[in-house]
Amino acid sequence: MKDQGQVADIVLEHPSLVREIGLPAVLRPGAAWPALRIHTPARATISAELRLVSGRTPAIRRLVVTMEAGEERKLSFEGSASGGGGVYEIGVQLNADGSPACYDRFAFAVADEAGIPPEQSSIAYLDRDGSMTYVPDYKGNRIADFSHCGYQGGGVRLPDVPARLELEPAEAGSEADDTRRIQQAIDELSLLPPGEDGFRGALLLKRGVYRIAGTLTIRESGIVLRGEGQGEDGTILHGTGAVRRDLLQVRGSAAPVLLENTATEITDLYVPSGARSFHVADASRYTVGDAVAVIRHGNAEWIGAIGMDTIVPRPKVGGTKQWEAFDLAFERIVTAVEGDLITVDAPVASAIERRWGGGRLVRCDDAGRIEQVGIENLRIDSDFNPDITDCQVDGKPGLTSYCADESHVANFVVLDRVKNAWVRDVTGYHLEHSLVTIDRHAKWVTVQDCTVRDMVSIITGGRRYAFHVTGQLSLVQRCDTETARHAFVFDARVCGPNVFLDCESRIDYNASEPHHRWSVGGLYDNVRAPLFIRDRGWMGSGHGWAGANYVTWNAEGPLTLQQPPTAQNYAVGHIGEQKPPFLPNEHDPRPRRDGFWDRHGRHVEPRSLYLRQLAERLGEQAVRSVSAVSNDCGPQPGR
């Protein structure tokens with residue numbers, strides 16, 4: 001691979017190894033090790049290490065050569081692949097005269113594929129010790145570790161916070177607006193000092209109906225808004241009036257700020273999707289515990305390579321926007337600094353490649369975020385005008401008349417500029433857009449055991465996104481919807497990992513999906529719903545490749561799965577139709593490849609990828625902590 005700075009051209013060679021992005025790179029036991037063919041424009045010293053990727057094992061083979069400017073040489077490792085199997089990496093360090101050190105890597109698995117039990121995935125399976133093995137492609141891209149998603153970084157039970165204030169509902173039949181007195185109670189709670197656990201306390205809304213004509217806001221850390229049940233006899237927040245709005249906002253004072261004076265370049269020619277470690281030009285600026293952003297640049301050349309500067313215009317309607325260069329910022333915590341090698345807590349979910357713009361590491365200041373905020377045990381409803389109806393879906397006739405008023409509550413709760421937050425045991429009726437929106441600057445959020453019913457809006461773009469994720473490292477589990485358009489949906493340029501686990505939707509007017517513009521690293525784990533992971537082309541304003549490096553695991557329902565250039569999408573253990581994409585060829589005839597289908601038509605073990613990864617990282621207690629289901633009287637999820 002040749003980088004923009006012309007440091008070297010490095011090619012992996014082997015007669016049988018698949019060398020293609022997104023496809024498993026597997027050697028049979030006994031096969032010769034792959035070789036490297038290297039061409040250097042400048043005089044350089046190259047060191048290459050062949051290493052088993054497990055623990056801190058020493059290099060199996062190591063080569064060091066000095067090459068003159070313009071020289072080409074083949075580097076071969078002696079011996080052959082052992083019969084023990086495993087995942088291997090070839091790490092390459094280049095020290096060219098007059099240039100800082102840079103790095104490259106290649107990867108492959110040694111396995112007898114016939115020996116993998118049919119009840120397990122061929123690319124993510126349990127080895128002899130009961131640990132997960134992930135088969136990479138030849139550049140090291142693999143199914144990511146999703147276990148860091150959720151409250152407190154995953155594996156932590158949601159807390160039960162004592163109530164410090166209580167409110168009673170107005171008398172039955174009252175038409176009074178409760179917005180002000182609930183907001184005053186939230187503000188009063190906000191003035192209390194947080195305890196050692198970070199909580200100020202919970203505001204308990206006693207069972208009954210609370211009429212909300214405005215928008216409630218939580219602006220301080222350590223506050224829980226709690227009701228006494230999501231059933232008809234529980235605590236009901238009823239949005240009144242004919243104004244489209246959020247019923248509740250959880251919002252800190254400022255988004256995270258990148259401290260540009262700390263920025264340093266990533267010196268790897270290629271950092272694969274799923275990696276947690278990479279080299280930087282100056283690691284002295286970082287210490288363990290630093291909050292950082294791993295920036296992945298996508299330059300104009302990359303946009304051209306994935307075909308997103310030549311999107312076929314939307315027929316008749318027009319308005320298609322070609323993509324421009326953009327960055328992804330993966331928020332992470334530094335967990336190790338070893339020389340110029342940085343390790344972070346969770347993987348990056350899109351490959352960082354020097355020729356497509358490379359990447360950099362920057363420290364973050366997220367002091368403007370609030371944290372330790374919970375919303376729980378409530379029922380949500382909204383006024384709407386039943387006389388406003390429609391019978392179209394996405395502009396086409398096809399339904400009997402349905403309620404289509406849009407002048408009412410759009411979202412129950414929008415979480416932004418917040419971390420370590422949760423929404424649990426909430427049921428919503430008659431909403432226009434979402435029950436929960438996890439917005440761009442939210443992180444480590446858990447949404448669980450929530451239900452959406454009878455959404456009210458016209459059925460077209462921008463409506464009925466029941467659980468809407470734009471933030472990162474979030475977990476939505478055991479949630480259930482009906483009448484959504486996109487029930488479990490990711491927005492544009494979402495920096496995963498993020499997880500939907502054990503969720504189900506019915507009466508769908510479109511699919512659950514990454515919705516547009518290179519959202520990366522989502523997992524649909526045991527989700528029952530129509531799923532589309534594809535190039536959306538001219539749809540919307542030019543949505544294009546909506547998702548990259550997505551995984552469906554033991555999901556059920558119709559599935560469209562395509563492979564974007566420079567990345568992959570995986571369907572493992574899927575039961576349901578392999579659904580062709582919607583876009584007709586006469587409008588956009590460019591060829592697209594299917595994503596990677598593995599064990600289609602039967603589920604695999606382990607049942608849940610997320611829970612297995614969590615158990616391996618933190619132990620079975622972590623799985624028990626996130627698997628606890630609340631006992632409430634409201635509608636319960638499908639499983």
In the set Gln568, Gln613, which member is assigned to a loop (DSSP other than H, G, I, E, B) and modelled with pLDDT of 95 or more?
-> Gln568
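Looking for something basic (Lys, Arg), surrounded by fewer than 24 Cβ atoms within 10 Å (Cβ to Cβ) and part of a strand (DSSP E or B) - is there at least one such residue anywhere in segment 584-597?
Taking segment 584-597 first, the residues basic (Lys, Arg) are 590, 592-593.
Add one more test, that the residue is surrounded by fewer than 24 Cβ atoms within 10 Å (Cβ to Cβ), and what stays is 590, 592-593.
This time we only want the ones that are part of a strand (DSSP E or B), so: 593.
The answer is yes; a qualifying residue exists.
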Just one of the numbered conditions (1) in contact with an Asp or Glu (Cβ under 7 Å, 6 or more places away or on another chain); (2) at pLDDT 95 or above is not true of Val520; which one?
-> (1)
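Hey, can you tell me all the residues within segment 38-58 that are surrounded by 14 or more Cβ atoms within 10 Å (Cβ to Cβ) and closer than 24 Å to Val135 by Cα?
Step one: list which residues in segment 38-58 are surrounded by 14 or more Cβ atoms within 10 Å (Cβ to Cβ), which gives 38-53.
Correct list: Ala48, Glu49, Leu50, Arg51, Leu52, Val53.
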Test result for Arg463, surrounded by fewer than 24 Cβ atoms within 10 Å (Cβ to Cβ) and either touching a Ser or Thr at 6+ places or on another chain (Cβ under 7 Å) or at pLDDT 95 or above (or both) | yes
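I need the full set of residues from segment 563-581 which are closer than 18 Å to Val527 by Cβ and under 21 Å from the mean Cα position of the chain (by Cα), in order please. Write out each step before concluding.
At the first step, the residues of segment 563-581 found to be closer than 18 Å to Val527 by Cβ are 569-579.
Selection gives Asn569, Tyr570, Ala571, Val572, Gly573, His574.
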Got at least one residue in segment 304-322 being crowded, with 17+ Cβ neighbours inside 10 Å, hydroxyl-bearing (Ser, Thr, Tyr), within 30 Å of Pro589 (Cα to Cα) and touching a strand residue (DSSP E or B) at 6+ places or on another chain (Cβ under 9 Å)?
-> no
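State which residue is surrounded by the fewest Cβ atoms within 10 Å (Cβ to Cβ) when the search covers only segment 125-163 and only residues that are among the small types (Gly, Ala, Ser) and farther than 30 Å from Gly195 by Cβ.
That would be Gly130.
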Can you give me the number of residues within segment 486-501 that are crowded, with 24+ Cβ neighbours inside 10 Å, of a type outside the set (A, V, I, L, M, F, W, C) and closer than 17 Å to Leu531 by Cα?
-> 2
What is the number of the single condition among (1) crowded, with 23+ Cβ neighbours inside 10 Å; (2) within 30 Å of Asp535 (Cβ to Cβ); (3) among the hydrophobic types (A, V, I, L, M, F, W, C) that Ala329 does not meet?
-> (1)
Conditions (1) farther than 30 Å from Gly395 by Cβ; (2) in contact with a Leu (Cβ under 9 Å, 6 or more places away or on another chain); number of the one not met by Val604 | (2)
Of the listed residues (Val572, Val520), the one being within 26 Å of Gln120 (Cβ to Cβ), touching a helix residue (DSSP H, G or I) at 6+ places or on another chain (Cβ under 9 Å) and not assigned by TED's automatic domain parsing to the domain that holds Met308 is Val572
The listed residue being aliphatic (A, V, I, L, M) and at pLDDT below 95, out of Val292, Val317 | Val317
Looking at (1) in contact with a Cys (Cβ under 7 Å, 6 or more places away or on another chain); (2) part of a loop (DSSP other than H, G, I, E, B), find the lone condition where Ala484 falls short.
-> (1)
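Being closer than 27 Å to Val499 by Cα, in contact with a helix residue (DSSP H, G or I) (Cβ under 7 Å, 6 or more places away or on another chain) and either among the β-branched types (Val, Ile, Thr) or part of a loop (DSSP other than H, G, I, E, B) (or both): is that true of Arg142 here? Don't jump to the end; show me each part of the working.
Numbers: closer than 27 Å to Val499 by Cα: yes; in contact with a helix residue (DSSP H, G or I) (Cβ under 7 Å, 6 or more places away or on another chain): no; either among the β-branched types (Val, Ile, Thr) or part of a loop (DSSP other than H, G, I, E, B) (or both): yes.
Taking the combined requirement at face value, the residue does not satisfy it.
Looking at Val243, Val250, which is the one that is surrounded by fewer than 24 Cβ atoms within 10 Å (Cβ to Cβ) and more than 30 Å from Gly357 (Cβ to Cβ)? Spell out how you get there, then give the answer.
Numbers: Val250 fails: surrounded by fewer than 24 Cβ atoms within 10 Å (Cβ to Cβ).
Residue meeting the stated conditions: Val243.
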Given (1) buried (at least 23 other Cβ atoms within 10 Å of the Cβ); (2) under 24 Å from the mean Cα position of the chain (by Cα); (3) among the aliphatic types (A, V, I, L, M), index of the condition Val257 fails | (1)
Sort out for me the strands (runs of 3 or more DSSP E) sitting completely within segment 496-550 that have 1 or more residues that are among the hydrophobic types (A, V, I, L, M, F, W, C).
-> 519-525, 531-533
Residue in segment 333-392 that is nearest to Leu258 (Cα to Cα), counting only those that are of a type in the set (Asp, Glu) and under 21 Å from the mean Cα position of the chain (by Cα) | Asp366
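Hey, can you tell me all the residues within segment 235-271 that are within 30 Å of Gly208 (Cα to Cα) and touching a Gly at 6+ places or on another chain (Cβ under 6 Å)? Lay out the reasoning, then the answer.
Step one: of segment 235-271, the residues within 30 Å of Gly208 (Cα to Cα) are 235-252.
Listed by number, the residues that qualify are Thr235, Leu247, Gly252.
The values are calculated or read from the model by the stated rules, or taken from the named source; none is laboratory data. Please read these numbers as outputs of a predicted model, since none were measured by experiment. For neighbour counting, all protein chains shown are included, and Cβ atoms are generated from backbone atoms with ideal geometry for every residue, glycine included.
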